[in-house]
Amino acid sequence: MTRKSPPDLRSARWFSPDDLRSFGHRSRMMQLGYSEEDFRDRPVIGVLNTWSELNTCHAHFKERVQDVKRGVLQAGGFPVEMPSLSVDESFTKPTSMLYRNMLAMETEEMIRSHPLDGVVLMGGCDKTTPGLVMGAISAGVPMIYLPAGPMLRGNYAGKILGSGSDAWKYWDERRAGNITDEEWLGIQGGIARSAGTCMTMGTASTMTAIADAMGLTLPGASSIPAVDAGHQRMSADCGRRIVEMVWEDLTPDKIISEGACRNAAVVAMATGCSTNAVVHLIAMARRAGVDLTLDHLDALGRVTPLIANVRPSGKDYLMEDFFYAGGLRALMKQIEDRLDCSAMTVTGKTLGENLEGARVYNDDVIRPLSNPVYEEGSLAVLRGNLCPDGAVMKPAACDPKFHVHQGPALVFDSYPEMKKAVDDENLDITPDHIMVLRNAGPLGGPGFPEWGMLPIPKALIKQGHRDMLRISDARMSGTSYGACVLHVAPESFVGGPLALLETGDIVRLDLPNRRLDMLVDEAELAARKAAWKAPERRFERGWGYMFSQHVTQADQGCDFDFLQSDFGRTAGEPDI
Ligand code: FES
Ligand code: MG
């Protein structure tokens, strides 16, 4: 391996020449209190920190960044913290997904326009992982991903609580009148009790596991709980390692290969991934020039057993247990034969080398292949006349009686309309009905909100029902569960067939054969299509306008058309 020397550093273009511009750059560094010795001839490492006081999952990043800087300095680099867009999952409306691409754009442009030789990306809450990684792939400098880590297990009155999943579960019980106000308040205070990301295998844990499996984190970093002292040590290690990566010129294109993307997909399936992973993984892979499709993911979903017994797809455990059981390295060790172990990683070693010595310490949490939680079924991709470009479902997270199901549709055009209906105790609905929500996709939502786990109508809850078949062009939270068909593409807002469905039409799901169809004859559908009128676009200005002009459909990863790797010419290096 040829090592870079100081004059080869990207930052040297800003700091080294004996000209007026570089004089300006150096004098401005001195304005900050640094001597030339601090920043010249050293890798300048941007630490992209997505901390904010409204990002509860990244609450520890304000201190953690100090550990990263310590590592960078020790290894002879020069760290600069760069605050980055903090896309949090809880408070961002209408949905954080509206801003994933904004973070990706910001990341790419901030890296490209500044004197950075390498970056540490600090993220973890759902959209921050793909947003940071997508942008950094396009920027192309060496990068290492620092996952926030999951929060501690929830706890109330001696009961373990899982992020999201138990909120939905106990909310249904509250609607059924089974929970007191006092208990509800106790659950509210106990379900999120430390810094860190949701501790179920929701979108955050899935996406950080994907980054880990792709070789973008230090090995196993994604499993370390946010408040574990090991998380601080890992952060300092990220700082030390990125400096070496700069000298080695270990850029993301050398890491994110087809094999690395496939590894990420296999690991996602084996962990019972969030359905959101599909959208993000496709977008990330495409940034790296790897054409990963829904069909590839379905094929892997069919043959990859789910071995992480972590809720919501697994039954019993949470991320803290997963860490104690050996974490992601142990899980990957179990499925080593199914991975491309020659894939390069940020350590400068292959995935196979990084897995040496990994062991499972609790084989009920991380199951052997001989005793999986499910033989297959983390994810299924459906096709049919309702979803010609695909739809996704999580077979493992729903009642198997819905795997083959036929029933009349009850169609809602908006979320408020649906919400009103489900609270109506006299709603005319049976457990065989199929609830449908449309105008909830990338453009319809807008921003592709997580509305896909439509609430079970009160009328059915009172009768004791807790699951039913639901279909939408929305996403759902990775912590959700149930018989929910999601990401119907093309979405109804752009005239996808879902727009033509009417209440009372019979819909048929045949999961084993991966079909989703409305049993309406073609002539009738053609007539409805001719009568269909496109809804008004929702945003007329600002980011929303830009988003609505350029976002691609779910099966394409919802990246902007002009940010895909094959679009136009890259900006190249800035003139200095
Ligand atoms: Fe941040 Fe769930 S809200 S990871
Ligand atoms: Mg989520």
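Counting only DSSP beta bridges with both residues in the chain, the antiparallel share comes to about 40 percent. Placing a pseudo-label 7 Å from each Cα along the Cα-to-Cβ vector at ARG541 and MET30 gives an inter-label distance of 4.5 nm.
The smallest convex shape that holds all Cα atoms of the range 468-576, its convex hull, gives 197 Å³ per residue. Between THR350 and GLU109, the C-beta separation translates, for a Förster distance of 30 Å, into a calculated FRET efficiency of about 0.40. Here is the link list: LYS159/LYS315; LYS93/LYS533; LYS315/LYS462. Which ones come out longer than 19 Å on Cα distance? Over 19 Å apart, Cα to Cα: LYS93/LYS533; LYS315/LYS462.
Its residue count N fixes a reference of 2.2 N^0.38 Å for the range 70-210, and the Cα radius of gyration divided by that reference is 1.29.
Counting only the Cα atoms, the range 55-124 fills a convex hull of 81 Å³ per residue.
Size check on the chain: the Cα extents along the three principal axes, sorted descending, read 78, 54, 46 Å. Its residue count N fixes a reference of 2.2 N^0.38 Å for the range 186-310, and the Cα radius of gyration divided by that reference is 1.16. Judged by the mean number of other Cβ atoms found within 10 Å, the most tightly packed of the peptides 271-277, 82-88 leads the ranking 271-277, 82-88. How much of the pair distance distribution for the range 261-350 lies past 17 Å, counting alpha-carbon pairs only, in percent? More than 17 Å apart: 52 percent of the Cα pairs in the range 261-350.
Residue separation of PHE562 and THR293 scaled by 0.36 nm, minus their Cα-Cα distance, works out to 94.9 nm of gained length. As a ratio to 2.2 N^0.38 Å, the alpha-carbon radius of gyration for the range 251-408 is 1.08. Take the Cα of LYS254, go 7 Å toward its beta carbon, and the backbone nitrogen atoms of the range 311-353 under 12 Å from that spot belong to 344-350.
Report note on the peptides 520-527, 411-418, 131-138: ranked by the mean count of other C-beta atoms within 10 Å, highest first, their order is 131-138, 411-418, 520-527.
Shown is the FRET efficiency for LEU54 and TYR361, computed with R0 = 35 Å from the Cβ-Cβ distance and rounded to the nearest 0.05: 0.45.
When you filter the chymotrypsin sites (Phe, Trp or Tyr not before Pro) in the range 507-568 for DSSP loop state and at most 13 other Cβ atoms inside 10 Å of their Cβ, you are left with TRP532, PHE567.
Can you give the FRET efficiency for ALA526 and ASP316, using 1/(1 + (r/R0)^6), R0 = 45 Å, r = Cβ-Cβ distance, to the nearest 0.05?
Result of the calculation: an efficiency of 0.35.
Projecting the alpha carbon convex hull of the range 1-108 along each direction and taking the average yields 9.1 nm².
Counting only DSSP beta bridges with both residues in the range 379-516, the antiparallel share comes to about 50 percent. Annotation: aspartates and glutamates with alpha-carbon distance below 15 angstrom to LYS127 (same-chain offsets under eight excluded): ASP88, GLU89, GLU106, GLU450, ASP559.
Each reported figure results from applying straightforward, stated rules to the coordinates on display, with no laboratory input. Note that the structure is predicted; figures quoted are calculated from it, not measured. Don't worry about glycine lacking a Cβ; one is built from the backbone with ideal geometry, like all the others, and counts go over all protein chains shown.
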